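Where a number appears in this text, it was derived from the coordinates with a stated rule and is not lab data. Not measured: the values here are computed from a predicted model. In this analysis, Cβ positions are derived from the backbone assuming ideal geometry, glycine residues included, and neighbour counts consider all displayed protein chains.
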Amino acid sequence: MNVHAIRVIFQREMARFYRTIMESLISPVISTSLYFVVFGAAIGSRIETVEGVTYGAFIVPGLIMLTVITQSVSNASFAIHFPKFIGSIYELLSAPVSYLEIVIGYVGAAAVKSILIGLVILGTAYIFVDLPIAHPFAMFALLSVTSFSFSIFGFIIGIWAKDFQQLQLIPLLVLTPLIFLGGSFYSVDMLPGVWRTIALFNPVVYLMSVFRWSFFDTADVPIAISLAAIVLFTTICMGVVWWIFRTGWRIRQ
């Protein structure tokens with residue numbers, strides 16, 4: 001394992017984050033504040049509690065997941081697509097660096113960025129609501145796993161995309177609707193029977209459910225099923241990345 005190569009890739013990606021750190025951190029703070037004003041004040045005044053939790057506190061896990069998922073995909077996809085777009089990826093592929101080390105460097109940096117942003121949103125939430133965390137270690141572990149798994153997914157999108165328009169296609173048309181329909185701002189149990197059944201086909205529901213459990217000790221879906229769904233998604237993404245480098249699809253072709 002070439003630790004030096006991983007560190008160089010990681011530090012280069014983090015340096016890009018540090019150059020825009022004010023925008024990277026202030027943006028989620030402003031967005032979170034606006035969500036609290038719109039959802040917490042406007043809707044929260046009509047929905048006092050959900051599953052015994054104030055609505056303002058209830059939406060916090062959803063806000064964190066919403067931002068962490070989108071940031072993970074965005075950071076990782078751009079990080080690998082840009083060198084592919086300008087052709088510098090061939091220098092990286094010809095260097096004495098394994099595919100695993102390339103993935104660890106890019107995905108690791110994207111995941112760390114998302115974790116930091118998620119923690120900033122969590123800190124911002126405390127300004128507006130009294131937020132309990134029933135399982136803090138599980139919460140941080142789930143935050144880390146989510147950042148890692150969706151950074152891998154973003155890595156795949158970055159390799160798949162042929163231009164910057166395609167880079168935004170899946171996040172806008174697929175990922176964002178799944179997040180909003182995955183119980184970010186409501187409980188799946190609030191849906192009528194048929195629609196709840198349909199919602200269970202949304203993989204984001206399982207992620208939202210177990211992450212909300214780490215805060216309030218309640219879940220829409222059994223914890224074991226949610227964890228199994230997360231492991232399955234991560235395993236599939238890792239398998240796709242292995243296949244990409246094994247065949248050279250969209251990299252050497």
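In the range 3-247, a dipole from Cβ-located charges (positive for Lys and Arg, negative for Asp and Glu) runs towards its positive end, and of Pro177, Gln71, Met14 it is Met14 whose Cα lies farthest in that direction.
Extension gain for Glu51-Thr247 works out to 65.7 nm (0.36 nm per residue, less the C-alpha to C-alpha distance).
Shown here for the range 125-232: chymotrypsin sites (Phe, Trp or Tyr not before Pro) in loop regions (DSSP other than H, G, I, E, B) with at most 13 other Cβ atoms within 10 Å, namely Phe201. Overall, the chain carries a charge dipole of about 800 debye about its Cα centre when +1 sits on the Cβ of Lys and Arg and -1 on the Cβ of Asp and Glu, all other atoms neutral. Here the label points at Ile30 and Leu172, each 7 Å from Cα along the C-beta direction, are separated by 2.0 nm in the simple model. Between Val8 and Tyr90, the modelled labels are 1.9 nm apart [label points 7 Å from Cα along Cα→Cβ].
Using only alpha-carbon positions in the range 65-110, the gyration tensor eigenvalues give semi-axes of 23, 13, 5 Å once each is multiplied by 5 and square-rooted (largest first). Every Cα-Cα pair of the range 206-253 was included, and the share exceeding 15 Å stands at 55 percent.
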